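The values are calculated or read from the model by the stated rules, or taken from the named source; none is laboratory data. Being a predicted model, the structure only gives us computed values, none of them experimental. We place every Cβ from the backbone using ideal geometry, glycine too, and count neighbours over all the protein chains shown.
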Amino acid sequence: MTTLRPTLAEMLESFFEQRLIKQRQASPATIRTYSDAIRLLLLFAAARSQIAPNRLTLAQLDRDMVLAFLDYLEVERRNSIRTRNARRAALRSFYQYAGYLDPTILAVVQRVLAIPAKRTVTPLLGYLTREELQVLLEAPNRQTWQGRRDYALLLFMARTGARVSEVIGVNAVDLTVHGKAAVRLRGKGGRERVTPLGSDLAALLHEWCAERRLAADAPVPVFTNTRGERLTRFALTHLLRRVVAVAQQRLPSLGERAISPHTLRHTAAMHLLQAGVDLNIIRAWLGHVNLDTTHHYVEADLTMKEQVLEKTGIVEPTQARYTASDAVLSLLERYG
């Protein structure tokens, strides 16, 4: 009896439903990342081979096609090497799973899996000095609802070092603002951690929740837009850009910096490090799995290096919204 080989659409649906959602319990953000990478590959392959995406087979998405796609990401879409490598990793995960579903395509899978990641130069971590952070925090007009939200949000990010997904995911029930004030954050891989809150930040969050009439046990978002909807990653990034545009009028150097939400995470870590907090505590504070990740902050702190040099007497030498029109692409839209 002949066993029917799964189609590309069947492989994709099984990959998202079984592998990512049920087995790995991947976050919505991770699922969107995988969906975007595969969708872009299908669109590229369809245009290159003049075949509709729903008629493509995995054999046609071979090593040469994937290599051409990765070059396209860098050259035409101007993706960074990091983004290129991230999309390559998403494709690798799908191809590995596809090989499990259909062993007859293992030769194609193995050749794609052999495509190496590109080496990247790790940039120094960008963070704000205490003066820069203070100017940024003073930018929102706290006489308005939006200004009070922006101030509370930015202070929360700069003190807790929370990731964007963790910030927008905070609900009122996650906050403890009395006694030992803290917030429960949901990090990567579904891991949770509790981060302490300073008394001033706890009082501010208490006032903010009271203004919005949020019950302490309510599973509703703390930070929302003017319609009361949970902030999105895009909205938070736009909010920060708007605040930076105001702050740079007072401190022009801020306009010369590439300040993103992750900059505030780095800022929280660097300020903890400069205050003498142990690296292991900072690792737990930020939710890092590996201490090596946290150690990057030591490498980035020039002031601490200079202090060590002074103590040792060493002189350092100077140096348009897309709409799917294809069955397979429509399937991916469900996960995007």
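For the list (1) at pLDDT below 50; (2) touching a strand residue (DSSP E or B) at 6+ places or on another chain (Cβ under 8 Å); (3) not charged (D, E, K, R), I need the number of the one condition that Ala300 fails.
That leaves (2) as the condition not met.
Restricting attention to segment 147-157, does a residue exist that is farther than 13 Å from Leu264 by Cα and out of contact with any helix residue (DSSP H, G or I) (no Cβ under 8 Å at 6 or more places or on another chain)?
Yes, the conditions are met somewhere in segment 147-157.
Identify, please: which residue in segment 55-86 is of a type in the set (Ser, Thr, Tyr) and over 13 Å from Leu41 (Cα atoms) and is, among those, surrounded by the most Cβ atoms within 10 Å (Cβ to Cβ)?
Among them, the one singled out is Thr83.
What's the number of the only condition in (1) touching a strand residue (DSSP E or B) at 6+ places or on another chain (Cβ under 7 Å); (2) of a type outside the set (Asp, Glu); (3) modelled with pLDDT under 85 that Val222 fails to meet?
(3)
Picking from Ile38, Ile51, which residue would you name as being among the β-branched types (Val, Ile, Thr) and more than 16 Å from Arg84 (Cα to Cα)?
Result of the check over Ile38, Ile51: Ile51.
Can you name the number of the only condition in (1) within 18 Å of Lys118 (Cβ to Cβ); (2) surrounded by 15 or more Cβ atoms within 10 Å (Cβ to Cβ) that Ala9 fails?
Just one mismatch for Ala9, condition (1).
Of the numbered conditions (1) crowded, with 18+ Cβ neighbours inside 10 Å; (2) assigned by TED's automatic domain parsing to the domain that holds Val246, Pro196 satisfies every one except a single condition; which is it?
Checking Pro196 against (1) crowded, with 18+ Cβ neighbours inside 10 Å; (2) assigned by TED's automatic domain parsing to the domain that holds Val246, the one that fails is (1).
Of the conditions (1) assigned to a helix (DSSP H, G or I); (2) exposed (fewer than 12 other Cβ atoms within 10 Å of the Cβ), Ala203 fails just one. Which one is it?
The failed condition is (2).
Consider Asn141 carefully, then state whether it is part of a helix (DSSP H, G or I) and either under 17 Å from the mean Cα position of the chain (by Cα) or surrounded by fewer than 18 Cβ atoms within 10 Å (Cβ to Cβ) (or both).
In short, no.
When you scan segment 122-138, do you find a residue that is over 20 Å from His266 (Cα atoms) and not β-branched (Val, Ile, Thr), even just one?
No, because not a single residue in segment 122-138 is over 20 Å from His266 (Cα atoms) and not β-branched (Val, Ile, Thr).
Quick test of your reading of the structure: Pro28 fulfils all but one of (1) surrounded by 14 or more Cβ atoms within 10 Å (Cβ to Cβ); (2) modelled with pLDDT under 95. Name the failing condition by number.
(1)
Pairs please, first residue from segment 1-29 and on the phi > 0 side of the Ramachandran plot, second anywhere and at pLDDT below 95, Cβ atoms under 8 Å, 6+ apart in sequence or on different chains.
Partner pairs satisfying both residue conditions: Gln25/Gly190.
Filtering segment 212-255 down to residues that are β-branched (Val, Ile, Thr) and not in a loop (DSSP other than H, G, I, E, B), which residue is farthest from Val177 (Cα to Cα)?
Val246
Give just the number: which of (1) modelled with pLDDT of 85 or more; (2) within 19 Å of the chain's Cα centre (by Cα) does Ala247 not satisfy?
The failed condition is (2).
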